[in-house]
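Working notes, beginning with the structure itself.
What follows is calculated from the coordinates using simple rules that are stated; it is not laboratory data. Keep in mind it's a predicted model, so treat the numbers as computed, not measured. Cβ placement follows ideal geometry from the backbone for every residue including glycine, while neighbour counts extend to all protein chains displayed.
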Amino acid sequence: MSQSVSLETVARAAGVSTSTVSRVLSRPELVNAHTRERVEGVIARLGYLPHGAARALARKRSGSVGAVIPRLGVSLFSNTVQALQQTLHTAGYELLLSTPEWRPGDEVHHLRGLVTHGVDGVALLGSEHSPEVYALLESLHLPFICVWASDEKRRGLPCAGLDNAAAIRLVAEHLIGLGHRRIAMVSGRTRHNERARARVRGLRAAMRSAGLDLPRDAVVEADYSYEAGERAARIVLERHSKLTAIVCGNDYLAIGALAACRATGRAVPQDVSVTGLNDGELARYTWPPLTTVHLPMWEIGERAARYLIARLDGLDAPPPGDLPVSLRVRGSTAVASPQPRRGGRAG
């Protein structure tokens with residue numbers, strides 16, 4: 001990588017103006033895809049670094065760590081980010097946070113923006129990133145860690161997260177042990193979301209092990225919100241009127257499912273049991289209180305930060321890997337009802 005490559009050199013090689021190169025780096029959505037790809041190719045080939053990143057590399061340390069964590073609104077990640085920030089701050093680092101709306105292919109732009117500010121290390125959400133992201137990290141020799149990720153494909157990636165399939169199996173086995181055989185799922189969107197896919201996979205595996213089937217139309221995907229959870233739960237309740245349990249991909253969806261049960265005249269847990277995943281603060285205060293899986297949201301951020309700090313101190317520290325999860329049984333689950341209150345076609 002050459003630090004002598006200038007913005008003008010990139011612009012000439014790409015056949016565009018310097019302002020276009022700047023926009024590709026800072027506001028890529030304003031540049032048409034063909035031009036953006038041509039400029040990015042030149043940047044990668046020449047090893048161009050914006051001035052901020054080049055200065056940081058020259059002095060070896062900027063005192064900041066970057067994180068690309070989409071969707072901090074209705075999501076599970078705020079506690080993780082807070083733990084990451086506090087642990088880094090204690091060690092003298094500041095966290096630079098990028099929270100974009102998630103669009104596949106844009107992640108390299110957000111990462112490059114953090115690199116422009118000269119970050120010393122990076123935390124990424126999940127492990128499924130484009131080759132360009134990993135190539136950029138490798139070319140800059142930046143320590144990084146994938147949070148909320150499990151290196152289940154054994155790619156040797158540093159991860160701090162949990163086994164999502166194992167987490168959902170806890171609630172599945174709990175429900176099956178209570179006699180539930182007609183189970184549906186309200187899942188997060190599985191496209192571009194390795195965590196949601198793992199949870200669906202975990203439920204299917206648990207049911208298959210018990211000799212049960214999870215029909216394809218018994219899984220309804222939704223955005224992670226209360227309203228979307230309610231809509232999705234209404235759909236599975238209509239499709240499978242005799243179901244006795246709904247497994248939800250997180251607590252937001254489960255709280256929406258509780259509302260759907262109330263609205264359709266099903267008592268929880270007498271008619272339908274409902275489970276969540278993450279054990280957020282609201283889980284204990286819903287009615288009935290929500291059976292869910294406690295996820296180590298704070299610990300993921302804290303251990304990810306400690307790993308990056310150790311790497312920045314030159315230590316060969318092992319990544320945290322999968323952290324333990326545990327079932328929290330509350331009032332939203334009970335023994336399966338032999339005769340569901342509402343009739344309809346078999347679920």
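Considering only 252, 327, 235, the residue lying farthest towards the positive end of the dipole of the stretch 226-347 is 235, judged by Cα position with unit charges set on Cβ. Helix 33-46 and the long axis of the chain differ in direction by around 60°, with both axes built from C-alpha atoms.
Each peptide in 86-93, 252-259 receives the mean, over its residues, of other Cβ atoms within 10 Å, and ordering these scores from highest gives 252-259, 86-93. Ranked by the mean number of other Cβ atoms within 10 Å of their residues, highest first, the peptides 176-184, 290-298, 315-323 come out as 290-298, 176-184, 315-323.
The DSSP beta bridges internal to the chain are antiparallel in roughly 10% of cases. Cα centroid separation, the stretch 243-280 to the stretch 152-199: 17 Å. Helix 251-263 axis versus longest C-alpha principal axis of the chain: approximately 30°, rounded to the nearest ten.
From Cα pairs below 8 angstrom and at least 6 apart in sequence, can you work out the relative contact order of the stretch 182-335, rounded to a whole percent?
20 percent
Neighbours of residue 83 by Cβ distance under 12 Å: Lys/Arg scored +1, Asp/Glu scored -1, total 0.
Scanning residues 5 or more positions from residue 163 or on other chains, those with amide H under 5 Å from its amide H are 323, with H placed 1.01 Å from N in the peptide plane.
Its relative contact order, with pairs defined as Cα atoms under 8 Å and 6+ residues apart, puts the stretch 185-225 at 58 percent. The simple spin-label model puts a point 7 Å past each Cα toward its Cβ; for residue 132 and residue 35 those points are separated by 1.6 nm.
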